[in-house]
Amino acid sequence: MDFAPDARTGELRERLLAFMAEHVHPAEPVAAAQLAAQGDPWVHPPVVHELRAEARARGLWNLFLPDTTYGAGLTNLQYAPLAEITGRSPHLAPLALNCSAPDTGNMELLAEFATEEQRARWLEPLLAGRIRSAFAMTEPAVASSDATNIETRIERDGGSYVVNGRKWYISGAMNPDCAVFILMGKTDPHGTDPRRQQSMVLVPRDTPGLTVRRAMQVYGFEDHLHGGHAEIVLDDVRVPAANLIGTEGGGFAIAQARLGPGRIHHCMRLIGMAERAIELMCRRAVERSAFGKELARQGVVQTWIADARVAVEQLRLLVLKTAWLMDTVGNRGAHTEIQAIKIAVPREVTGILDRAVQLHGAAGVSQDTPLAELWASARTLRLADGPDEVHQRSLARRELRKYAPGA
């Protein structure tokens with residue numbers, strides 16, 4: 001395993017660092033001010049469009065997609081250090097590069113499973129940044145950590161599918177540019193195989209019967225730049241049968257294929273968030289004094305900073321190993337490592353951010369630093385794409401099978 005950046009990654013990294021320093025970080029307060037001033041907080045403020053134009057001009061567009069037909073053709077290992085850099089400004093930088101969830105996962109899904117007609121209608125405008133999208137899977141009435149619980153119905157009626165159900169925390173759905181939902185529901189709720197009951201369909205936002213009911217908050221944040229997290233209701237929503245993605249009963253497998261890359265992308269960005277937290281901790285520690293000496297000379301602060309550095313180095317190596325395995329043996333071959341990073345990275349980064357908040361005192365929970373919002377994002381990722389306990393259960397069972405009688 002050689003994790004050293006190759007020449008292409010190194011060159012892109014330098015370009016991206018310059019873009020972050022010259023444009024993204026200065027744009028953070030501008031975006032906040034423009035959002036507060038404009039009438040609709042869900043519309044992208046002007047500075048976002050400026051950043052996206054600049055990113056395209058610098059060749060920093062669609063870096064996440066390994067498919068050379070549609071994306072930059074980077075491997076997971078090549079993309080990892082770039083995604084980490086964007087994690088230093090996780091609500092603005094990925095959006096600027098057209099590398100933000102849920103669009104990334106949806107574009108990967110469409111590139112792999114959609115028909116040519118579906119790609120022409122939805123994938124191409126997503127790649128161009130003309131529209132945004134949402135992934136409608138989670139439901140409020142059931143434990144959605146077990147996808148076999150999904151209750152939304154997708155019923156065939158002649159040349160159409162009729163969808164009924166209720167979804168929530170549907171990321172990106174509040175943004176008016178969100179033009180399509182990739183929705184998972186059950187086409188065969190009584191099928192003998194619980195993993196063949198689900199299917200996925202494309203539901204245009206303007207389809208009659210689809211109602212975006214409200215924005216869901218995340219620890220009090222509405223995540224306007226991200227596009228929010230909506231509760232939606234589908235009441236006899238009718239879409240053409242041609243809007244089915246893949247085959248009936250293939251929804252569970254498609255979801256698993258989509259979530260693997262999404263999980264590692266989250267972890268890559270989380271490391272960038274942790275790096276920014278360490279930087280802010282160190283700056284605060286050398287600037288402030290308490291009880292007669294600089295915070296940097298307080299033993300507990302030194303312990304926090306040292307432990308944070310050790311944790312980030314460990315996490316980065318595990319993420320890079322996972323990326324390398326995904327590139328060499330595929331997502332299935334990297335299953336254990338994907339679950340390991342999904343457990344370890346959000347948990348450890350949440351702890352680092354928590355200590356950074358503590359070091360900043362009242363400022364740490366205010367809007368004057370990014371720490372509170374970064375903490376909320378990291379903590380939420382212990383639930384998103386499967387809660388810790390589901391991954392721990394699966395990982396433990398895989399380990400235990402090695403020692404079962406007759407193994």
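At-a-glance table
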| read-out | value |
| --- | --- |
| Proxy reagent accessibility, fewest Cβ within 10 Å first, across T350, T9, T68, T322 | T68, T9, T350, T322 |
| Dipole magnitude of the chain about its Cα centre (Cβ charges: Lys, Arg +1; Asp, Glu -1), debye to nearest 20 | 780 |
| Whichever lysines have a C-alpha closer than 29 Å to that of K342, once near sequence neighbours (fewer than 8 apart) are set aside | K167, K186, K321, K402 |
| Net charge contributed by nearby residues that have their C-beta within less than 12 Å of P176 (K/R +1, D/E -1) | -1 |
| Rounded to 5, percent antiparallel among DSSP beta bridges of the chain | 85 |
| Within a Gaussian network of the chain (alpha carbon springs, distance under 10 Å), most fluctuating of E50, E222, E139 | E50 |
| Size of charge dipole - the range 252-401 - debye, nearest 20, with Cβ of Lys, Arg +1 and Asp, Glu -1, no other charges | 320 |
| Sites D235 and D67 - FRET efficiency at Förster radius 41 Å, r taken between beta-carbons, to 0.05 | 0.70 |
| Positive dipole terminus of the chain, leading residue within P189, V329, S171 (C-beta point charges) | V329 |
| Cα-centred dipole magnitude for the range 43-97, charges only on beta-carbon of K, R (+1) and D, E (-1), debye, nearest 20 | 80 |
| Options V30, I232, V390, ranked by Cα towards positive dipole end of the chain, top entry (Cβ charges) | V390 |
| Ranking of L225, L325 by count of other Cβ atoms within 10 Å, fewest first | L325, L225 |
| Modelled FRET efficiency - R0 56 Å, E28 with T192, Cβ distances, 0.05 increments | 0.60 |
| Footprinting exposure proxy for F135, F221, F113 (fewest neighbouring C-beta atoms within 10 Å first) | F221, F113, F135 |
| Helix 7-19 axis, angle to the chain major axis (alpha carbon atoms, nearest 10°) | 70 |
| With Cα atoms, 0 to 90° folded angle of helix 25-37 axis to the chain main axis | 60 |
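Computed from the coordinates by the stated procedures, all read-outs in this text should not be read as laboratory data. Bear in mind the structure is a predicted one, so any value in this text is a computation, not a measurement. Cβ coordinates were reconstructed from backbone atoms using ideal geometry, including for glycine residues, and neighbour counts include every protein chain displayed.
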